[in-house]
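Take a look at the structure set out below.
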2 protein chains.
Amino acid sequence: MSTTIEIPESSTKVAKGKGVVVVAPARPGGWKKGVAIMDFILRLGAIAAALGAAATMGTSDQTLPFFTQFFQFEASYDSFTTFQFFVITMALVGGYLVLSLPFSIVAIVRPHAVGPRLSLIILDTVFLTLATAGGASAAAIVYLAHNGDQDTNWLAICNQFGDFCAQTSAAVVSSLVAVLVLVLLIVMSALAIGKP
Amino acid sequence: MSTTIEIPESSTKVAKGKGVVVVAPARPGGWKKGVAIMDFILRLGAIAAALGAAATMGTSDQTLPFFTQFFQFEASYDSFTTFQFFVITMALVGGYLVLSLPFSIVAIVRPHAVGPRLSLIILDTVFLTLATAGGASAAAIVYLAHNGDQDTNWLAICNQFGDFCAQTSAAVVSSLVAVLVLVLLIVMSALAIGKP
């Protein structure tokens, strides 16, 4: 009885060879290994994007070369609560992605196992939401910094703080890459679970 | 013949249990129907939340009772590009959720069919990202409107535009509900696909 329970995960090769066994030849599944390998590679890319975004934002800091007696003009990421949130979320997402690598490896070794992929889908969804929230809120602030807002009299600061704006914009773009990769990862895992 | 066509979705269990009978008694899956029904109900809730958020934000508009000769003080959602983005994304998400109801019904009628759930997972993920982006960016602006930002000299406007702020905050909270429900929907669909 225990042997029949073990069958599902490795039945591909087994089932092809035999003629009598019930578990059908209709379980190709070689592409699942390919999906798992691509999952691993994309995950590495997402780690780079997420941690890169956190680092770029975390090091953004610009002090203007002129100052008054009481005041020095400086902009850094901790001027904005939203940017602090961005750094924290991106670091969390990067950390999660690193920790998820073992699961991805398990999915490569055992392409038909549902368990690891299911865990990955669920956790990926949660951290996709976190990454999107961080990226989108920072994007809203970067947009304001570039364009300002007339009705509320918030002036654009990118004329003065050009380097700061460039750096935060780069961080936002990098987070966007991480978000796109996470969406792709979820879709791939879902297909790998759903299709026979 | 039609009965044998139904087999593939349950071949795992069938192979284990069977001696002679083809469609096995070992097809628990009653909970899948429950999940599908809950999916439908949650989807209705998400529709209400998303469209409510769009409507609340779209009708936010406050004109102050005093004005100068050249200028009248007014704040409405189209003062901010981000809020316009919010209205559009929430309307899109609400529209998608309405269109997804038939798929959800198919999943109730045929709890073991993988196809509809797979489509739902993939599209839900895309629209979850959209909803999160809209909600989070609007949240960043609402936060600024409440607290302002010292370093850039952006003043809080909620002292003057109290009603406007309350309404936009409510819209953001409503979008957050939609996001949470979407995450839940994805997790439920993934479990229903992954577990036998």
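Return the total of residues in region A:114-143 being more than 7 Å from every other protein chain (Cβ to nearest Cβ), open to solvent by less than 20 Å² (accessible area, probe 1.4 Å) and under 27 Å from B:Asn147 (Cα atoms). Qualifying residue count for the region: 5. Here A:Ile108 clears all of (1) assigned to a helix (DSSP H, G or I); (2) within 11 Å of another protein chain (Cβ to nearest Cβ); (3) over 16 Å from the mean Cα position of the chain (by Cα); (4) surrounded by fewer than 24 Cβ atoms within 10 Å (Cβ to Cβ) except the condition numbered (2).
Summed over region A:157-173, the residues that are open to solvent by 30 Å² or more (accessible area, probe 1.4 Å) and either under 11 Å from A:Phe83 (Cβ atoms) or in a loop (DSSP other than H, G, I, E, B) (or both) give a count of 3. Residue-level check: of (1) of a type outside the set (S, T, N, Q); (2) in contact (Cβ under 8 Å) with a residue 60 or more places away in the chain; (3) within 22 Å of A:Val126 (Cα to Cα), B:Ala136 misses just (2). Condition check for A:Asp151 on (1) at pLDDT 95 or above; (2) facing chain B (nearest Cβ under 7 Å): one failure, at (1). Checking region A:4-15 against the condition returns a match, with at least one residue being in contact with a Gly (Cβ under 6 Å, 6 or more places away or on another chain), at pLDDT below 95 and under 23 Å from A:Arg117 (Cα atoms). Just one residue in the set A:Phe73, A:Phe80, A:Phe86 is within 22 Å of A:Gly162 (Cβ to Cβ), surrounded by fewer than 17 Cβ atoms within 10 Å (Cβ to Cβ) and either of a type in the set (Val, Ile, Thr) or touching a residue at least 12 places away in the same chain (Cβ under 8 Å) (or both); that residue is A:Phe73. For region B:144-155, the set of residues classified as open to solvent by 30 Å² or more (accessible area, probe 1.4 Å) and on the phi < 0 side of the Ramachandran plot consists of B:His146, B:Asn147, B:Gln150, B:Asp151, B:Leu155, listed by residue number. In this entry, A:Arg43 is excluded by the filter for residues that are within 11 Å of chain B (Cβ to nearest Cβ) and either at pLDDT below 55 or in contact with a helix residue (DSSP H, G or I) (Cβ under 8 Å, 6 or more places away or on another chain) (or both).
The values are calculated or read from the model by the stated rules, or taken from the named source; none is laboratory data. It should be emphasised that the depicted structure is a prediction, and the values quoted were computed from it without experimental measurement. Positions of Cβ are backbone-derived with ideal geometry, glycine not excepted, and every protein chain shown enters the neighbour counts. Accessible surface areas use protein heavy atoms only, side chains included; no ligands, DNA or RNA. Shrake-Rupley method; radii C 1.70, N 1.55, O 1.52, S 1.80 Å.
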